[in-house]
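> Below you'll find the structure I mean.
The values are calculated or read from the model by the stated rules, or taken from the named source; none is laboratory data. Just so you know, these numbers come straight off a predicted model, no measurement behind them. All Cβ positions, glycine included, derive from the backbone under ideal geometry; neighbour counts span all protein chains shown.
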Amino acid sequence: MTLPFDVTPYRATHPKEMRRIIREGEWTHPTSGLCHCHVQANMIVLPKDWAYDFLVFAQRNPKPCPILDVTEPGDWEARLIAPGSDVRTDIPKYRVWKDGELIDEPSDVVKYWRDDLVAFLLGCSFSFEGALLEAGIPIRHIDMNRNVPMYVTNIQNKPAGRLSGPMVVSMRPVRHDQVPKAVLSTGRFPAVHGSPVHIGDPAAIGIKDVNKPDFGDPVEIREGETPVFWACGVTPQAVVMNVKPPFAITHAPGYMFIGDPKDVDYAVSGTLPPPFFLLW
């Protein structure tokens, strides 16, 4: 379980300053709640000869893999969402994979970087948490000073080239009467996962025990609340474990890259989320 941490001193910190703080090792915790109202991103880095496969995979699976930025081969700057950044050092914790096996969880990946690597920055649900809070919907993992709970599901993504695997979801408990508001609030942000993919019974999407997440920390689900599940940018890590590419780098679940744009920059007005079923 993640050790307790307090994001309060950094809620209003500018992303550029927060990236410096992370780069210098002054923040080593999950990033939910940091830099309020600024976009956060998942990351997967693959060799150039696997990059096109992932680009197509993301295009076919925009819910879990909405692309915000892509680097040139060998380049470590996220030029679109964070000019001057370094994706090798600006995330609190990384994961390094070889043949689908996790081999390291370092605080930077400078020693692993290669000239053929391409980084994909993907929208993160932390980016719509500000909208949930503004709608009066509390975020339990923030209140508990924990990482968000995440689960591998039985929902299969559409394959592309050599890439295939299950969808990963994040979960936030929501009061029954606030569920419609949560759906509408997050549905405005399709570039950061948008509306939920499932509401209610975890078993219906293959989750055996909602109190034992595959990634992150468990959170309390109180009486009168239902678990709400959103597509999650940890999905590429489930794909890596499934297809075992020779090399990959990702963020550690919950430890995100923080970009300069505001969450509202990715909001879509005047649209409703797709139909969904309430399963409680």
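> Quick one: which of Gln40, Gln59 is within 18 Å of the chain's Cα centre (by Cα) and either outside any strand (DSSP E or B) or at pLDDT 95 or above (or both)?
Criteria check complete, one pass: Gln59.
> Further question: With the structure loaded, tell me whether Gly100 is more than 20 Å from Gln40 (Cα to Cα), modelled with pLDDT under 95 and of a type outside the set (D, E, K, R) or whether it fails that test.
no
> Give the residue that is surrounded by the fewest Cβ atoms within 10 Å (Cβ to Cβ), with candidates limited to residues of the stretch 180-206 that are among the aliphatic types (A, V, I, L, M) and assigned to a helix (DSSP H, G or I).
This residue is Ala203.
> Something else now. Quick check on my filter: what residues within the stretch 96-120 are buried (at least 22 other Cβ atoms within 10 Å of the Cβ) and within 18 Å of Met150 (Cβ to Cβ)?
Trp97
> Taking the options Asp209, Asp177, name whichever one is among the acidic types (Asp, Glu) and assigned to a helix (DSSP H, G or I).
Asp177
> Identify all residues within the stretch 25-37 that are out of contact with any Lys or Arg (no Cβ under 6 Å at 6 or more places or on another chain) and either in contact (Cβ under 8 Å) with a residue 24 or more places away in the chain or β-branched (Val, Ile, Thr) (or both); write none if there are none.
Those that are out of contact with any Lys or Arg (no Cβ under 6 Å at 6 or more places or on another chain) and either in contact (Cβ under 8 Å) with a residue 24 or more places away in the chain or β-branched (Val, Ile, Thr) (or both): Gly25, Trp27, Thr28, His29, Pro30, Thr31, Ser32, Gly33, Leu34, Cys35.
> If only one of Ser170, Ser164 is more than 19 Å from Pro202 (Cβ to Cβ) and polar (S, T, N, Q), which one is it?
Ser164
> Is the stretch 106-115 home to any residue that is touching a helix residue (DSSP H, G or I) at 6+ places or on another chain (Cβ under 7 Å) and in a loop (DSSP other than H, G, I, E, B)?
Within the stretch 106-115, not a single residue is touching a helix residue (DSSP H, G or I) at 6+ places or on another chain (Cβ under 7 Å) and in a loop (DSSP other than H, G, I, E, B).
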